[in-house]
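The values are calculated or read from the model by the stated rules, or taken from the named source; none is laboratory data. Remember, predicted model here, so these are calculated numbers, not experimental data. FYI the Cβ positions are ideal-geometry reconstructions off the backbone, even for glycines, and counts take in every protein chain you see. All accessible areas refer to the heavy atoms of the entire protein, side chains included, with ligands and DNA or RNA removed. Shrake-Rupley method; radii C 1.70, N 1.55, O 1.52, S 1.80 Å.
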Protein chains: 2
Amino acid sequence: MNSIVSDGVGEWLSGTGPESDIVMSTRIRLARNVASYPFLSRIAAPRRSELERLLKGRLEKADFAGSINYHNLTEISALERQCLVERHLISREHEEAEGDRGVALGADESLSIMVNEEDHLRLQVLRSGFQVDAAWEQLRNVDDRLESSIDYAFSTRFGYLTACPTNVGTGLRVSVMLHLPALVLSKTIKRVFRHITDINLAVRGFYGEGTQPSGDFFQISNQVTLGKSEEEIIRHIASHVPQIIKHERIKREQLIEKNRLKFEDRVWRAYGMLERARSITSEETMDYLSAVRMGVHLGLIDTIPIGLVNEFFILTQPAHLQLQEDRELDAEERNQKRANLIRERLAKYR
Amino acid sequence: MNSIVSDGVGEWLSGTGPESDIVMSTRIRLARNVASYPFLSRIAAPRRSELERLLKGRLEKADFAGSINYHNLTEISALERQCLVERHLISREHEEAEGDRGVALGADESLSIMVNEEDHLRLQVLRSGFQVDAAWEQLRNVDDRLESSIDYAFSTRFGYLTACPTNVGTGLRVSVMLHLPALVLSKTIKRVFRHITDINLAVRGFYGEGTQPSGDFFQISNQVTLGKSEEEIIRHIASHVPQIIKHERIKREQLIEKNRLKFEDRVWRAYGMLERARSITSEETMDYLSAVRMGVHLGLIDTIPIGLVNEFFILTQPAHLQLQEDRELDAEERNQKRANLIRERLAKYR
């Protein structure tokens, strides 16, 4: 690949975090704006560029734990930008927007800071497994350090001011990405979703807002940012996720107890398809990877590391495949390239 | 296994005969009856037993090209009898019948002679690939040698007399087992069948009369036994098979030309399923083996010998699976055992 998108993938795909059999990742983000600049919906292009340069300077000077690399998105290719979306480091909107805007990335991609997205700053920490406290600790530290050099738009009545009213207050969104294949297989996922919605949490797909669930991944996140403290918001979601984890674990056990042979067969057939296909769509890949991921975590497949499976979810996305070839590929070419990539990597574990 | 059903399988599955990419096997059989005994539909049990002993003696004394082993079917287990059916060495009816009856088997299973089936004697030669002449040469020789010690029921007007009028005359049936996956895939198989029926040939499935086509295998055989010489009957079928072979070859080439990637993908996914499944039905197995067989013959898969693929068609049949365990297995147990057998053998070719 190249300098912007590293050969490997982020720490959050290592599969090492707590509860990582079911929790793929924990993400926390804060929305922040600079007091002396208008919101981006009302800013003139020159001021927008000035703001971008200002924030770039502040970010590069800030004393984070670990170095960061800043990129102006107008200076990198569309494919590279799309890769950042696929890695959950920038939003689809940020990729598609125009004008001066950027992203600062920490070395292991656990930290990413968008400049001139919907808000002037979107600070994100993304960690493997269920790590709400560690992620919040890291993000709060980043936020504090930035606040020492930037005058944030803040109201004593409302809290942090944001471009969209749904983010006002704390500007906080906590998202936990859950892998729930057994709840899907046992058709109890809808009941779980109803419960989640009832307690004011939102459910989204693998790529967040507006995306379909894929590969049995679901992002659970808070809806409310105002009227509660950061700790209350985090506690709310953190206290409900373990129930879902428990529910998924029970269903996995039940599926095995009910018909172990059928279950193993399902998992290994998915593996066989990934291992041998010559052309494979993104949807199929997500489905097979989902079964294999569950199989590895249940010890049914013990020949491959879980990190390999997790990486496939990202490396087989369209922009990643195209960046490897450094050109656009049509759907059929992508399907072939995707199959080749998976097959060649799995062949090492025969 | 045991002495009756050998560990390997017959010569006809070696995949070495002419046109063996498309012709699995050539089978010729003759129906013969002993002049001094009634047909089996009218025979009393003691006479039937006497006839069986008489023919056993004649067969064991006959000077065939290789040694034969004779078995009275009442003295072997039902599972062993079913295995002989699965190997195309005796008929389903012969397996299920009662009373003294037997089979004489040549060493490589190319020769099998049923005693007290529908007729007193059914002589069969089964060879790999398209070998009508060689099979007929071998069978005629067997027939001549038996005729020197047995007085066949023969009418100068009708020819050889048989229990069922459809066999009277020559008592000859020539069957060519064709593997026609490309004609099936391209949906042109029905047109081919209409043509075959038009020229007075019959089409049957993998296990002959009354069975469904399976794994894209089709047996083409003559309908007429009377009013033509043996050579004429053989010439008739032998002259039409090459057209079907040519047609199948053209379709295979067209499928590859049209979308090589899709075609390779189909073949390799079938391979992946066989390689990894933990439970697999007979129907699925036939389908996947069919794709793999075609893939090997087209050089898309070059890691396994064709004999292995051909053997799987027989070794994965229910009685073969059960005989290995020496007990009856229910459907789920068979599916598991079938998957294990295929998986373990394929694992040697990784």
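Using every Cα-Cα pair within the protein assembly as shown, state what percent have a distance larger than 52 Å. Before the final figure, lay out each step's value.
Values: 84617 of 244650 pairs.
Value for the protein assembly as shown: 35 percent of Cα pairs lie more than 52 Å apart.
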Item to check | Convex hull projection area averaged over all views, the range A:58-115, Cα basis, nm² | outcome: 3.8
Checklist entry - Could you give, in nm with one decimal, how far B:Lys190 is from each other copy of that position, shortest first, with labels 7 Å out from Cα toward Cβ? => result 3.8
Item to check | Alpha-carbon centroid distance for the pair the range A:185-218 / the range B:86-109, whole angstrom | outcome: 60
Checklist outcome for this item: Net charge (Lys, Arg +1; Asp, Glu -1) of residues whose beta-carbon lies under 12 Å from that of A:Gly99, A:Gly99 excluded, is -3
Item to check | At least 50 Å² of accessible area lost relative to the chain alone, listed for the range A:274-290 with a 1.4 Å probe | outcome: A:Arg276, A:Arg278
Next on the checklist: Which residues, if any, in the range B:250-272 lose at least 30 square angstrom of accessible heavy-atom surface (probe 1.4 Å) when the other protein chains sit next to their chain rather than the chain being alone?
Outcome noted: B:Leu261, B:Asp265, B:Trp268, B:Arg269
Item to check | Using distinct alpha-carbon pairs, which all enter the 1/r mean, Kirkwood radius of the range A:185-296 in Å | outcome: 16.0
Item to check | Sum of -39500 (n - 2.57) over DSSP H runs of 4+, divided by residues of the protein assembly as shown (222 nm, nearest 500) | outcome: -14500 deg cm²/dmol
Checklist entry - Taking all protein chains as present, what is the carbon and sulfur share of the accessible area of chain B, in % to the nearest whole number, probe 1.4 Å? => result 47
Checklist entry - Taking a point 7 angstrom from the Cα of B:Lys258 along the C-beta vector, which residues in the range B:189-229 have backbone N less than 12 Å away? => result B:189
Item to check | the range A:259-347 - charge dipole about Cα centre, Lys and Arg +1 at Cβ, Asp and Glu -1, debye rounded to 20 | outcome: 360
Checklist outcome for this item: Unit-weight point scatterers at every alpha-carbon of the range B:259-347, Debye formula, q = 0.15 1/Å: log10 I(q)/I(0) is -0.52
Checklist outcome for this item: Interface residues of the range B:301-350, defined as losing at least 40 Å² of accessible area versus the chain alone with a 1.4 Å probe, are B:Glu332, B:Arg350
Checklist entry - How far, in whole Å, is the nearest Cβ of chain A from the axis relating it by rotation to chain B, and which residue carries it? => result A:Gly272, 2
Checklist outcome for this item: Pseudo-spin-label distance A:Glu332 to B:Arg53, built 7 Å along Cα→Cβ, given in nm, is 7.2
Checklist entry - Given labels modelled 7 Å from the Cα in the Cβ direction, how far is it in nm from B:Arg194 to B:Asn340? => result 4.9
Checklist entry - Is the shape of chain A best called rounded, prolate or oblate, per the rule: a/c under 1.5 gives rounded, else a/b larger than b/c gives prolate, else oblate, with a ≥ b ≥ c the square roots of the Cα gyration tensor eigenvalues? => result oblate
Checklist outcome for this item: Taking R0 as 41 Å and r as the Cβ-Cβ distance between A:Asp302 and B:Ala107, the FRET efficiency 1/(1 + (r/R0)^6), rounded to the nearest 0.05, comes to 0.35
Checklist entry - Could you give, in nm with one decimal, how far A:Gln324 is from each other copy of that position, shortest first, with labels 7 Å out from Cα toward Cβ? => result 3.6
Item to check | Potential extension, B:Val224-B:Thr211 segment - 0.36 nm per residue separation minus Cα distance | outcome: 2.7 nm
Checklist entry - Which value, in Å², gives the accessible area per residue of chain A when a 1.4 Å probe is used on the protein heavy atoms? => result 42
Item to check | Chain pair A, B: total accessible area buried, heavy atoms, 1.4 Å probe, Å² | outcome: 1900
Checklist entry - Applying the Karplus parametrisation 6.51 cos²θ - 1.76 cosθ + 1.60 with θ = phi - 60° to the phi angles of the range B:291-301, what ³J(HN,Hα) value in whole Hz is obtained for each residue in order, glycine and proline being reported as x? => result 5, 5, 4, 4, x, 5, 5, 8, x, 6, 10
